[in-house]
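Here is the structure we will look at.
The numbers here are math on the coordinates, done by the rules we state, and not lab data. This one's a predicted model, so the numbers in the text were calculated from it and none came from an experiment. Heads up, the Cβs are rebuilt from the backbone with ideal geometry, glycines too, and the neighbour counts pull from every protein chain shown.
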Amino acid sequence: MKKRSIYRNLVMIGTGILMLLSTGAYAQNRAPIAVEELKSEMLSKTADLVSVSCDFEQNKHLEYLDAVVSSTGKLVFDKNNRLRWEYKEPFEYLIVINNGTFTIKTDGRTNEYDIESNQLFSQISELIISSVNGTIFTDPAFGVKAFKEANEYIVFMEPAVEEMREVLRKIEMHINVNDFSVNKVIMFEQEDNFTEIKFINKVFNATLPGNTFSCD
């Protein structure tokens, strides 16, 4: 897998797991809130979270083609930092993180990586964990601003790490004020391309099948 593609998946995974950041001026009805305040409230509301699963709808807007590429899939995460991020339509693509191993399955091929011995996958793992425990909001790798609007928190994250800035300009996250689950994530890439992911049919603390975090 090409490095730029890996970094796109890195951000999609990390932001998507945040309990399961728009271009232009901020709307006047968005009230700024302190990032530390948002982090503290999120940790309080999600302290008893055991697992979360949801379906997602992804639309990638390609400016140079004037087209939208759509795909759907499923995301599952548990308190042991195990992850299953699976695209189902129109193609099959699976990422599993389990017990220090990062596994990618695509086109019938499975590649397994040891997280600790691979710097890139170690960064991916750290991003996921920091998304879950809320420290991503104060991670020096991102500049973060937070606002409250109606029934959502709107969080804007700008990468401070040069390697990530080569892929992404900004992330916009829409967080439900009641359960702190993510409703929508928008990733603004270089030029005018952007990817929007909506999370639907969210289920919390369900009993997961034993093979959830395997590629079998």
Next item on the list: Give me the distance in nm between label points sitting 7 Å out from Cα along the Cα-to-Cβ direction at residue 126 and residue 44, one decimal.
Entry: 3.0
Checklist line | Table column - 3J(HN,Hα) (Hz), the stretch 202-216, Karplus curve with 6.51, -1.76, 1.60, x for Gly and Pro | finding: 6, 10, 10, 6, 7, 6, 9, x, x, 9, 4, 9, 10, 9, 6
Next item on the list: Among the listed pairs 45/148; 74/184; 60/184; 60/198; 60/170, give every one whose C-alpha distance is greater than 19 Å.
Entry: none
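Once the Cβ-Cβ distance between residue 88 and residue 212 is put in as r, and R0 is 25 Å, what FRET efficiency do you end up with, to the nearest 0.05?
Details: r = 15 Å, r/R0 = 0.59.
For R0 = 25 Å, the calculated efficiency reads 0.95.
Ordered by packing density, taken as the mean number of other Cβ atoms within 10 Å over each peptide's residues, highest first, how do 138-148, 170-180 rank? Before the final figure, lay out the partial values.
Numbers: 138-148: 15.8, 170-180: 18.1.
Top of the packing list down: 170-180, 138-148.
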Note to self: I need the peptides 205-211, 112-118, 72-78, 189-195 ranked by packing, meaning the mean over residues of other C-beta atoms within 10 angstrom, with the highest value on top.
What the structure shows: 72-78, 189-195, 112-118, 205-211
